[in-house]
Amino acid sequence: MSLTVEKGDPRAPGATALLKQSHALMQSLFPPQDNFYLDIDALTALDIAFFVARRLGETVGTAALADKGEYGEVKSMFVAESARGLGVGAALLARLEQEARARSLPALMLETGNHLRAAHQLYASAGFTARGPFGDYPNAPSSLFMEKRLG
């Protein structure tokens with residue numbers, strides 16, 4: 001499998017299609033007040049590094065790093081259903097960690113949904129551990145918070 005992970009544009013057709021799939025999934029699984037995803041325009045902000053994974057020329061995954069100064073936040077992690085189980089999520093997460101280290105961020109943090117078991121396994125296998133809410137997140141019943149210290 002020829003997989004590449006590179007900086008991308010969330011407004012590019014392949015990335016936009018995946019982000020819309022991700023948003024629809026979150027809306028189907030969680031109540032509106034517990035959906036904390038960034039919209040496509042927000043992913044173009046200067047403090048966000050957005051990445052796409054491509055396999056055989058097709059965009060099969062997205063991920064973003066929000067630089068919060070004291071930590072980096074993992075956002076918009078999503079892998080196309082056709083590419084799940086192929087290491088795309090792990091490759092995206094490794095690229096986010098590389099970017100966080102290049103920015104000298106001491107930690108990566110994330111919020112994910114409590115029903116997303118495959119995501120929990122991916123994050124745990126990459127060294128993330130459970131923690132409480134951070135930033136301006138409420139302690140939502142459907143949220144799971146994790147972090148990975150870097151350095």
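Throughout, read-outs are computed from the coordinates displayed, never taken from laboratory work. Just so it is clear, the structure is predicted and the values come from calculations on it, not from any experiment. Methodologically, a virtual Cβ is constructed for each residue, glycine included, from the backbone with ideal geometry; neighbour enumeration extends over all protein chains shown.
Sparse packing (at most 14 other Cβ atoms within 10 Å of the Cβ) combined with a DSSP loop state is found for the following trypsin sites (Lys or Arg not before Pro) in the stretch 61-136: Lys68, Arg84, Arg103. The stretch between His115 and Leu25, if pulled fully straight at 0.36 nm per residue, gains 31.3 nm over its current Cα-Cα span.
Given +1 at the Cβ of Lys and Arg, -1 at the Cβ of Asp and Glu and no other charges, the dipole of the chain around its Cα centre is 420 debye to the nearest 20.
Stretched out straight at 0.36 nm per residue, the stretch from Thr4 to Ala102 would grow longer than its current Cα-Cα span by 33.4 nm.
Could you work out, for the stretch 26-151, what percent of all Cα-Cα pairs fall into each 10 Å distance bin, beginning at 0 Å and stopping at the bin that holds the largest distance? P(r) for the stretch 26-151, in whole percents per bin: 13, 45, 37, 5, 0.
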